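The values are calculated or read from the model by the stated rules, or taken from the named source; none is laboratory data. On a predicted model such as this, the values are computed, not experimentally measured, just so you know. Here the Cβ positions follow ideal geometry from the backbone for every residue, glycine too, while neighbour counts run over all protein chains shown.
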Amino acid sequence: MSLLNPRILRFDSIDSTNLEAMRQARAGAAEGLCVVAREQTMGRGRLDRSWQSPKDAGLYFSIVLRPRLETSAWPLITLMTALAVRDALLRSSGVRADIKWPNDVCVNERKLCGVLAETVDTKIGPAAIVGIGINLKADSLPPTVYDLATSVEAVAGVKPDSVGVLAELLKAIGERYDLLQSPQGSEHTIREWCANSSYAFDRQVRVALENDTFEGTTRGLEADGALRVETAGGKMRFVRAGDVNALRATR
Ligand code: BTN
């Protein structure tokens, strides 16, 4: 998918770029439609959380995809997107980021970006709405997340050029999405994700599921992107939802 000259809907303020992309997809928007806002009043995160989106503090972006993938491979869209964000941050700002399963892009264990992929049924078939929130400015993170989050500005030491970040993001999504949909694309994406995430192998983690918490050691990904975690008792568990956190900062 070429995103060289995409259709971009820009808003000063909107409830959520994901919600707007969903509305556009239901109205028949073609693959590649992008929504960007300077501010979100109802920014959404994973697991029904909210995403603080103060004006001009971050990049709030969503794209409509109409993947030609087996349904079982759709969770890989999140992993592919985290890889694309990583590429874009490196190319635009020189920031070398880690990826935390499934969708957080982090530097020094602090979150720089979150990805929220949602699906929606439309008259012309199912669509994936991929939302990306990148913390750009250092001074606008809410105090509640000081210890957990960081920004491109704090990491790179200079004010980020949001136009440049978006341009690299569009390029990287186009490339990574094409790779995902190519023959052996799922295997390639999983390999790339594992090569670029310190969480893929041998990391001691705590996994918080809706009704259960357990600890173990990461052992790579399943074909659908689920994280394999081996418990102390030697049982392999496959994580498809919930939160994964490292028990130690470094390996
Ligand atoms: C997460 O880490 O929980 C995912 C956060 C995703 C936030 C982005 S900001 C742009 C897009 N619109 C939303 O409402 N959410 C995503």
Given the residues Glu153, Glu118, which is the only one that is acidic (Asp, Glu) and within 13 Å of the ligand (Cβ to nearest atom)? Glu118
Name the single residue that is surrounded by the fewest Cβ atoms within 10 Å (Cβ to Cβ) among those in the range 25-80 being assigned to a helix (DSSP H, G or I) and within 13 Å of the ligand (Cβ to nearest atom). Asp48
Taking the range 186-210 and keeping residues closer than 14 Å to Thr81 by Cα and in contact (Cβ under 8 Å) with a residue 60 or more places away in the chain leaves Ser186, Thr189, Ile190, Glu192, Trp193, Asn196, Ser197
Looking only at residues in the range 222-244 that are assigned to a strand (DSSP E or B) and free of Cβ contacts under 8 Å to residues at least 60 places away in the same chain, which one is surrounded by the most Cβ atoms within 10 Å (Cβ to Cβ)? Val229
Can Thr213 be described as free of Cβ contacts under 8 Å to residues at least 12 places away in the same chain and not assigned by TED's automatic domain parsing to the domain that holds Pro75? yes
Looking at (1) modelled with pLDDT under 95; (2) out of contact with any helix residue (DSSP H, G or I) (no Cβ under 6 Å at 6 or more places or on another chain), which one does Gln24 not meet, given that it meets all the others? (1)
Select from the range 89-101 the residues that are of a type outside the set (D, E, K, R) and closer than 13 Å to Cys113 by Cβ and write down the one among them that is nearest to the ligand (Cβ to nearest atom). Ile99
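Conditions tested, residue by residue: (1) away from the ligand (no atom under 14 Å from the Cβ); (2) buried (at least 17 other Cβ atoms within 10 Å of the Cβ); (3) of a type outside the set (Ser, Thr, Tyr); (4) at pLDDT 95 or above.
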site: Asn108; (1), (2), (3), (4): yes, no, yes, no
site: Ile129; (1), (2), (3), (4): no, yes, yes, yes
site: Ile132; (1), (2), (3), (4): no, yes, yes, yes
site: Leu148; (1), (2), (3), (4): no, no, yes, no
site: Asp161; (1), (2), (3), (4): yes, no, yes, no
site: Val165; (1), (2), (3), (4): no, yes, yes, yes
site: Leu169; (1), (2), (3), (4): no, yes, yes, yes
site: His188; (1), (2), (3), (4): yes, no, yes, yes
